[in-house]
Amino acid sequence: MAKDSDEPIAVALAKNQREISISQFFEKNRHLLGFDNKRKSLLTAIKEAVDNSLDACEEAKILPEISVQIIDMENDRFKVIVEDNGPGIVKNQIPKIFAKLLYGSKFHRLRQSRGQQGIGISAAVLYAQLTTGKPAKITSRIGKNHPAHYYELHIDTHNNKPEIVKDDEVEWNKEQGTKVELDVEASYMQGAQSVDEYIKETAIVNPHLTLIYTNPKAEQVVLPRTSEKPFELPKEIQPHPYGVEIGMLMTMLKYTQSTTLQSFLTAEFSRVGSGTAKQICENAALLPKTKPIDMSREMTQQLMDGIKKTKLMSPPTDCLTPIGEEQLEKGLRKEINAEFYATVTRTPDVYRGNPFVIEAGIAYGGNQPAEESIRLMRFANRVPLLYQQSACAVTKAVMNTTWRSYGISQSKNALPLGPCTVVIHVASVWVPFTSESKEAIAHYPEILKEMKLALQEVGRKLGSYIHKKKRVGIELKKRGYIEKYIPIVGEALREILKIKEVEEKKIREELEKLLEKTRGQVEDLEFDESKNVEYDEELAKIGKPDQKTLEDDYD
Ligand SMILES: Nc1ncnc2c1ncn2[C@@H]1O[C@H](COP(=O)(O)OP(=O)(O)O)[C@@H](O)[C@H]1O
Ligand SMILES: [Mg+2]
């Protein structure tokens, strides 16, 4: 800095201060979006495209048929192709959707869907561009009377704007749908956290989906749908007043179309009719006729206090579409070879004004490894979460459940051990992820509590089963001992009483009959869920989870 000049340093500094585009930000911070290593990047790119295909099919009430193909291009390069039979995308929208970050249809609404941020697929396009320099190739068609459009797109990261490399009309044997083709730097490995695992888990929680998957070794698997019932489109809702924060309320007041405070409250929030709105105004010491535009910060604070003082109904919960106990069990049976299954869908609850519902499932035994930690599957709005397990609320809830009372071993603050898969699904109009990469669910106490209650419900059923299995085992052992001695007793009697062999046989048969009669049929002891109640009582003796320990955890 020239000493003789009188120019303050701030002026020189100002020359370097300028806007950063969102694309430039994520160019440097792609790990925030799930692109932090080659293996994970492959998964994230596929996941973003599949999420969108599923969301779009559901919005259009179409039974989804999605094909996912990964082609090995060698030297850590892969071509990823995801194709759906969804509603397609209007031509003009294609460039912005795929080549502009933060552009989407889901951010500004409250509805249960997989995408919410408007940054999914464009982030995948950005990653492809960064690592291979290749444009994204998109084909989309909105109906048989419309042509299919083909685009090749780059992102102009300085301006966060699409750059059209190619714009064509093409022949496509599909009446409608969208196909996304990306070249990415990646690595393909099987096992936990792999694309294969993601595909499998996606099939478990989306029974209405047919998925055709071709891995880089050109092996194809078809996972047909198990339910022909179209997915019920979740209802969109307004925010609930209890969940709103002051800054948000100020913005809403600034941009609302309503002309009075009363009509603002009824129009913008759920569970506020005109009577309730009046009540809120009264509790806030504000006139219902106040113009929203005239609301100062202080008045908005008053309004916040008024909302708190007013008793409101909980948000509506018919906006949630859980998988359902039956379908979740079907999904588990399809993908996991076990001997016992149990599932539960809880009734909905609310965190920060957002309704949510928890579902849990267990698959026990079969060919699952007995000496290892249980396998934990986490889902949010039907999307498998494969990374950040230890940071996720689901993991905490599983660790905090006392599995020993259900017959599964567990050391303190650890996942239980045993031949078992545990599933938790969180469905919500807004899933509170810990970051934009949507890998782990935040530790809201309301959510943790519901998860734990769900786990206890399926845990108790599992406990009954394991308990019963143990009893059958003990019984068979005892019986085995007795049976072993019957021939010896028979032989001894023959010698002592000097009887014939036929008579000895008769005695043996009598003894066997006697054994059956006194010990009951083994088949009767086999597990039968309808008889669960009596075993539950017995189980209670080995320790049912009590409400008190539960509450202690969350106080
Ligand atoms: N396969 C598709 N079919 C129809 N619409 C799509 C498809 N993929 C993306 N879209 C549209 O593009 C938008 C942006 O997608 P995305 O960047 O993944 O953000 P988000 O899913 O969070 O909204 C979506 O909201 C949706 O409206
Ligand atoms: Mg998306």
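Rule-based calculations on the coordinates, nothing more; no lab input. Values in this document were obtained by computation on a predicted structure and should not be read as measured data. Don't worry about glycine lacking a Cβ; one is built from the backbone with ideal geometry, like all the others, and counts go over all protein chains shown.
For I62, what is the net charge nearby, where nearby means another residue's Cβ is under 15 Å from its Cβ and Lys, Arg count +1, Asp, Glu -1? Provide the component values of the computation, followed by the final result.
Working: positive: K61, R141, K144, K174, R225, K229; negative: D55, E58, E59, E65, E83, D84, E175, E228, E232.
Counting the neighbours of I62, the net charge comes to -3.
Report the calculated FRET efficiency for K470 and N75 (r = Cβ-Cβ distance, R0 = 60 Å), to the nearest 0.05.
Efficiency for this residue pair is about 0.65.
Starting from 0.36 nm per residue, how many nanometres of slack lie between A285 and E436 once their C-alpha separation is accounted for?
That works out to 50.4 nm of additional length.
Multiply the residue gap between A14 and Y481 by 0.36 nm, knock off their C-alpha separation, and tell me the result in nm, one decimal place.
Working it through step by step, the gained length comes to 159.1 nm.
Net charge within 13 Å of L42 by Cβ-Cβ distance, Lys/Arg positive one each and Asp/Glu negative one each, not counting L42 itself?
Values: positive: K38, R39, K40, K47, R77, K79; negative: D36, E48, D72, D76, D183, E185, D196, E197.
Summing Lys and Arg as +1 and Asp and Glu as -1 gives -2.
Assuming 0.36 nm per residue, please report the length gained on full extension of the stretch V222 to S5 beyond their Cα-Cα distance.
70.8 nm
Between S390 and Q301, how high is the FRET efficiency from 1/(1 + (r/R0)^6) when r is the Cβ-Cβ distance and R₀ = 30 Å? Nearest 0.05.
The pair S390/Q301 has a calculated efficiency of 0.15.
In degrees, nearest 10, range 0 to 90: what is the angle between the Cα axis of helix 38-59 and the longest Cα principal axis of the chain?
90 degrees
With a point put 7 Å past each Cα toward its Cβ, work out how far K38 is from E197 in nm, to one decimal.
Calculated label separation equals 1.9 nm.
Taking 8 Å as the Cα distance limit and 6 or more residues as the minimum spacing, I'd like the relative contact order of the chain as a percentage.
Relative contact order of the chain: 12 percent.
What order do you get for 62-74, 125-137 when each peptide is scored by the mean count of other beta carbon atoms within 10 Å, highest first?
Numbers: 62-74: 17.9, 125-137: 21.1.
The most tightly packed comes first, giving 125-137, 62-74.
Once both labels are modelled 7 Å past Cα along the beta-carbon direction, what's the A492-K254 spacing in nm?
9.5 nm
Are there any GluC sites (Glu not before Pro) in region 296-389 that are in a DSSP loop and have at most 12 other Cβ atoms within 10 Å? List them by number. Mind dumping the intermediate values first?
Working: sites: E298, E325, E326, E329, E335, E339, E359, E371, E372; in loops: E339, E371, E372.
For GluC sites (Glu not before Pro) across region 296-389 that sit outside H, G, I, E and B with at most 12 neighbouring Cβ atoms in 10 Å, the list reads E371, E372.
In region 243-330, what trypsin sites (Lys or Arg not before Pro) fall in a loop by DSSP, with at most 11 other Cβ atoms inside 10 Å?
Of the trypsin sites (Lys or Arg not before Pro), the ones in loops of region 243-330 whose Cβ has at most 11 other Cβ atoms within 10 Å are K289, K311.
Once label points are set 7 Å from the Cα along Cα→Cβ at both H108 and L233, what is their separation, rounded to one decimal in nm?
1.8 nm
Calculate how steeply helix 120-132 sits against the longest principal axis of the alpha-carbon atoms of the chain, using the helix alpha-carbon long axis, and give the answer as 0 to 90 degrees to the nearest 10.
80 degrees
Which angle from 0 to 90°, rounded to the nearest 10, does the C-alpha axis of helix 532-541 make with the longest principal axis of the chain?
Here the helix axis deviates by roughly 90 degrees.
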